[in-house]
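Report on one structure; see the data block that follows.
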Amino acid sequence: MKTFRIGGVHPAENKLSAGKAIQVLDLPKQAVFPLSQHIGAPAVPVVKRGDVVKVGTKIAEAGGFVSAPIYSSVSGKVSKVDTVIDASGYRKPAVYIDVEGDEWEEGIDRSQTLVCETSLSPEEIVAKIKDAGVVGMGGACFPTHVKLCPPPGAKAECVIINGVECEPYLTADHRLMLEKPDEILVGVTLLMKAAKVDKAYIGIENNKPDAISLLAEKAQAYPGIEVVPLKVKYPQGGEKQLIDAVIRRQVPAPPALPINVGAVVQNVGTVYAVYEAVMKNKPLFERIVTVTGKSLKNPSNFLTRMGTPMSQLIEAAGGMPEDTGKVIGGGPMMGKALANTEVPICKGSSGVLLMNRKEAARAEAQPCIRCAKCVSACPMGLEPFLLATLSMHKEWERVEKEDIMSCIECGSCQFTCPSHRPMLDYIRLGKTTVGGIIRARNAKK
Amino acid sequence: MANKLIVSLSPHVHNDDSVQRNMYGVLIALIPALLVSLIYFGVGAAVVTLTSVVSCVFFEWAITKFILKREKSTILDGSAIITGVLLAFNVPSNLPVWIIVIGALVAIGIGKMTFGGLGCNPFNPALVGRVFLLISFPVQMTSWPKIGQLASYVDAETAATPLALMKMAVHGDVSALEQLPSAWELFIGSHGDLAGGSLGEVSALALLIGLAYMLWRKIITWHIPVSILATVFVFAGLMHLSDPAAYASPVVHLFTGGLMLGAIFMATDYVTSPMTHKGMLIYGVCIGFLTVVIRNFGAYPEGMSFAILIMNAFTPLINNYCKPKRFGEGKKK
Amino acid sequence: MDLILVAVISLGAIGLVSAVVLFVASKKFAVYEDPRIGKVAEVLPQANCGGCGYPGCSGFAEACVKAGSLEGKLCPVGGQPVMERVAAILGLDAVASEPKVAVVRCNGSCEHRPRMTRYDGVKLCAIANATYGGETGCTFGCLGCGDCVSACQFGAIRMNPETGLPEVDEDICTACGACVKACPRHIIELRPKGKKNRRVYVSCVNKDKGAVTRKACEVGCIGCGKCVKVCEFDAITLENNLAYIDPNKCRLCRKCEQECPQGAIIAVNFPPRKPKTEAAPTEQLATRPASGEEKQNPNE
């Protein structure tokens, strides 16, 4: 069975909510839409205080090519355009909407019928995706239409669909594949058409045998789509690792992109959003969010309107346990710990994970015993212990030579370190600093 | 706000591995060899091992507390215990207590704590102690008791070791090799009239059980032990083919002396061995080569300790030149 | 005898050859260095702190010699006296400069600014800053991990364990600016020391709206603008909900300090106020020297 070739670790899966069907979450009382929900320029608000909006009304438009518009997920009145603390832990501009009723924009197809046929050209599909504000829903939130517009000289050869969900605890993509297989497959054909390729692979780890067999069976009706079962190993959901696992090609060091080896990678959540945007005229304003945790009464998967505060999801899953020590937006390996639970659900929020106090606290760091387990675990073939030490001593030139910019921040090194060293903290610091140095150097040229 | 949320960067989970788990894993892997030495050397083995471990742990505690003045003691991480056991395994079972204590002081004091303690030492502490003793007290360190004298300690009757015989053969004693026990006897540790050598190196079988355990628990990888043993086998084999009367067979080389102990427990020391698999292989091959060279051409009958210490010195260099293969650097198909 | 002779001759020959090689090399590869660079470097403090903007003291000396003018060059550690000596060596005019000092513009101590979360990462401000807004509700204020303390070569900054904030020792601070660069939140500012070391400044860098700031911190600037109105010298500007006192315009009248509802404006090294401040600033102003450099305290 296929998997990526360098490094990797095996965190405990803890997929507590895998057996829970997707439930529709109640509407929030107030929805908050941060204007930077994606990589790139923040969106520019097009509504002001007092404006009445419906579900699917555009409230902010893209602030550039690498950017995406934002649509209201609720109907009601704009109460203010202010700031909110988002998952980054900082105050960012946001639109607040007080919810009144649930009135949808006309033109959105709310029926459950599957639409398979389209006469749209590839360019029209990309335009629709762009207009609907679809971004990568695996967590990085890279605007999808940018990936579908290859830079000059590069040509896509295949589309790879990421159904790996290698993060422990999260089950949103798994449930989506089980409950919306046809929609996903139609979405894949749309992406193939948009990227002008005739081959697509859906990579799924073999801890989800039900999803593999269901999609493989249904995919027979769709030419060019192949389901690839993958051996469980973290971080298989990383774009570069997935390409390596599925088509045995390695994306060179930055600034090379997946498109340089002919691959366009999209998450299954994104594929579903593409289907809805193109076939149902529905912009991206809701997503599936896993709410989970060992102490949580009722770990669940919710179809959630964007802008809903995380506290509402936690309430719906049985309430915040007494011993909660950490609230994480995303999975335990790469998610961000949140300072409060009022952070709104955004396009990239794949899950809310509650950890108890014991799990949450880091163990005390001990001296590095040079066991080299981090070197073996690093999926990028780096030397994490060295990068961390050099960053600690602020040796930016050397750390750049040791390829720190290739680090994907997957956390495998720190996960595996017997001395519990906070390596990734230092590596991130090094990456940020070196990134700044490189930008300054390029600006000088 | 008693229940403050904790905030830190990802990852938020850990595989629960720890320094202690690895160190105590190594200790468990040393148990078979310890049992064998107790069976063969009795009281002597017990006294030597106990003295060594207790003094190593004491020196680590004392130096941490009174010289480095660190608040947190590191004796519980198990590394000092390992140094103690390995030091004991590398000396004869009739070594007087005071010599062992000096060895422990050198091992922990000079070999380890001088450089800052666990993780900072360039050389394997137990080997630093051992080589110090070997050079300072050559007589006591090279008089090996015969096995089976369970009740005696410093008064045990001594004899030549298989390695000494092999050295004699190299120097022209034609009949020396014929007195060697068979490979199987060496493998399980029964040496007949010959001495067993140091405490821990009697039975290759017991050491291999330890290796299997450490590989299973993923404490070490196969690269270093296998590359050392394979190199010794091949190189000693070539020598043997060139002159069977002077050079012992490669199998005998593998099962005698400190080779197994060194290859499995000393060369694989995390702190002093290279970090990448490629580096480990280079390191292992060099140790194997040096060992055979010293055994056959050097002044000492056994070369394992020296070979490992020499290669310890090269470890930073190997680390500098053997980088892991970066993702995406491979040939583009 | 022969042995000694051979040794003497061979060693002598080696010595001779080496001497020739060294002599040739010293002539051939000699690099001319302006002797004044060495002289200038000698009077510099040799702290090599980089506060002047050049790599170390010798780099600064070289720059001074080559530039031909001392305009814009200042050794913050040695200050004016050292610059005058440098000027004397080079035969140039020393450019007047005011002594400065590092000022920490955050007063959010533990009692003023309640901790909402617990940071569990590496105790470095740079990393905490990348993690999130900080343990308190204020995403602009001091993180308290002490990057400035470790950046200071002179031991002039230390963390006060009671307040959780750094404190600058004015007498030791050389205004080299290392802490300013080290602080990821740009809280520390180099301000003119002021007459008799008296300074008035806004001890806050929070740009949030007033209501948000007030919730996070008792002593944060809420951008109400009262200080702007009360200032007679146009020294205070309000931008992004944050007041800033221009040290070059401030006349140290301390009216703003009394006006600030949050107590965010801080005046240091003033004698205790009289029970009632009767002194009319306008009267004092008349006696004030014309030079902009001189500052006057009306309450003196």
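The values are calculated or read from the model by the stated rules, or taken from the named source; none is laboratory data. Just so it is clear, the structure is predicted and the values come from calculations on it, not from any experiment. Note: ideal-geometry Cβ built from the backbone for every residue, glycine included; neighbour counts use all protein chains shown. What goes into the accessible areas is simple: the full protein's heavy atoms, side chains included, and nothing from ligands, DNA or RNA. Shrake-Rupley method; radii C 1.70, N 1.55, O 1.52, S 1.80 Å.
With the condition kept exactly as written, say whether any residue in the stretch A:426-443 is of a type in the set (Phe, Trp, Tyr), buried (at least 22 other Cβ atoms within 10 Å of the Cβ) and either over 29 Å from A:Cys166 (Cα atoms) or touching a Ser or Thr at 6+ places or on another chain (Cβ under 6 Å) (or both). Yes, that holds for at least one residue.
The conditions of being farther than 27 Å from A:Tyr275 by Cβ, surrounded by fewer than 17 Cβ atoms within 10 Å (Cβ to Cβ) and touching a residue at least 12 places away in the same chain (Cβ under 8 Å) are not met by A:Glu61. The strands (runs of 3 or more DSSP E) found wholly in the stretch C:208-274 and carrying at least 1 residues that are closer than 26 Å to A:Ile85 by Cα and open to solvent by less than 40 Å² (accessible area, probe 1.4 Å) occupy C:242-245. Taking the criterion of being open to solvent by less than 20 Å² (accessible area, probe 1.4 Å) and either assigned to a helix (DSSP H, G or I) or within 13 Å of chain B (Cβ to nearest Cβ) (or both), the residues of the stretch A:239-266 that qualify are A:Gln241, A:Leu242, A:Ile243, A:Asp244, A:Ala245, A:Val246, A:Val251, A:Pro258, A:Ile259, A:Val261, A:Gly262, A:Ala263. Scan the stretch A:240-265 and report the pairs whose first residue is over 19 Å from A:Leu382 (Cβ atoms) and whose second residue is open to solvent by 10 Å² or more (accessible area, probe 1.4 Å) and part of a loop (DSSP other than H, G, I, E, B), with Cβ atoms within less than 6 Å and a gap of 6+ or a chain change. Close Cβ pairs satisfying both conditions: A:Ile259/A:Pro150; A:Ile259/A:Ala154; A:Asn260/A:Ala154; A:Val261/A:Arg249; A:Gly262/A:Glu157.
Just the residues that are among the charged types (D, E, K, R) and either open to solvent by less than 20 Å² (accessible area, probe 1.4 Å) or within 12 Å of chain A (Cβ to nearest Cβ) (or both), please, taken from the stretch C:96-151. Correct list: C:Arg113, C:Arg115, C:Arg118, C:Asp120, C:Lys123, C:Glu135, C:Asp147. Restricting attention to the stretch A:130-155, the residues that are touching a strand residue (DSSP E or B) at 6+ places or on another chain (Cβ under 6 Å) and surrounded by fewer than 22 Cβ atoms within 10 Å (Cβ to Cβ) total 1. Looking at C:Ala7, C:Ala13, C:Ala61 in this structure, which one is in contact with a Leu (Cβ under 8 Å, 6 or more places away or on another chain), on the phi < 0 side of the Ramachandran plot and either in a helix (DSSP H, G or I) or surrounded by 12 or more Cβ atoms within 10 Å (Cβ to Cβ) (or both)? Exactly one of C:Ala7, C:Ala13, C:Ala61 is in contact with a Leu (Cβ under 8 Å, 6 or more places away or on another chain), on the phi < 0 side of the Ramachandran plot and either in a helix (DSSP H, G or I) or surrounded by 12 or more Cβ atoms within 10 Å (Cβ to Cβ) (or both), namely C:Ala61. Write out, first by first residue and then by second, each pair whose Cβ atoms fall under 9 Å of each other, whose residues are 6+ apart or on separate chains, and whose first residue, in the stretch B:150-164, is in contact (Cβ under 8 Å) with a residue 12 or more places away in the chain while the second is open to solvent by less than 50 Å² (accessible area, probe 1.4 Å) and among the basic types (Lys, Arg). These pairs meet every condition: B:Leu163/B:Arg295. Is there a residue being open to solvent by less than 10 Å² (accessible area, probe 1.4 Å) and either in a loop (DSSP other than H, G, I, E, B) or within 13 Å of chain B (Cβ to nearest Cβ) (or both) anywhere in the stretch A:267-274? No, the stretch A:267-274 has no match at all. Restricting attention to the stretch C:15-34, the residues being modelled with pLDDT under 85 and not acidic (Asp, Glu) number 3. Out of all the residues in the stretch A:309-322, is one or more within 14 Å of chain B (Cβ to nearest Cβ), open to solvent by 10 Å² or more (accessible area, probe 1.4 Å) and within 27 Å of A:Lys233 (Cβ to Cβ)? The answer is no; no qualifying residue exists. When C:Cys179 is tested against the conditions (1) out of contact with any strand residue (DSSP E or B) (no Cβ under 7 Å at 6 or more places or on another chain); (2) in a helix (DSSP H, G or I); (3) within 18 Å of C:Val77 (Cα to Cα), the lone failure is (1). Suppose the filter is in a helix (DSSP H, G or I) and not acidic (Asp, Glu); does B:Val47 pass it? Against the criterion (in a helix (DSSP H, G or I) and not acidic (Asp, Glu)), B:Val47 qualifies. Picking from residues in the stretch A:366-418 that are at the interface with chain B (Cβ under 7 Å from one of its Cβ atoms) and of a type in the set (Val, Ile, Thr), the one that is surrounded by the fewest Cβ atoms within 10 Å (Cβ to Cβ) is A:Ile369.
Filtering the stretch B:90-111 to residues that are among the small types (Gly, Ala, Ser) and crowded, with 23+ Cβ neighbours inside 10 Å leaves B:Ser93, B:Gly103, B:Ala104, B:Ala107, B:Gly111. Of the residues making up the stretch B:261-275, those that are outside any helix (DSSP H, G or I) and not hydroxyl-bearing (Ser, Thr, Tyr) are B:Ala267, B:Asp269, B:Val271, B:Pro274, B:Met275.
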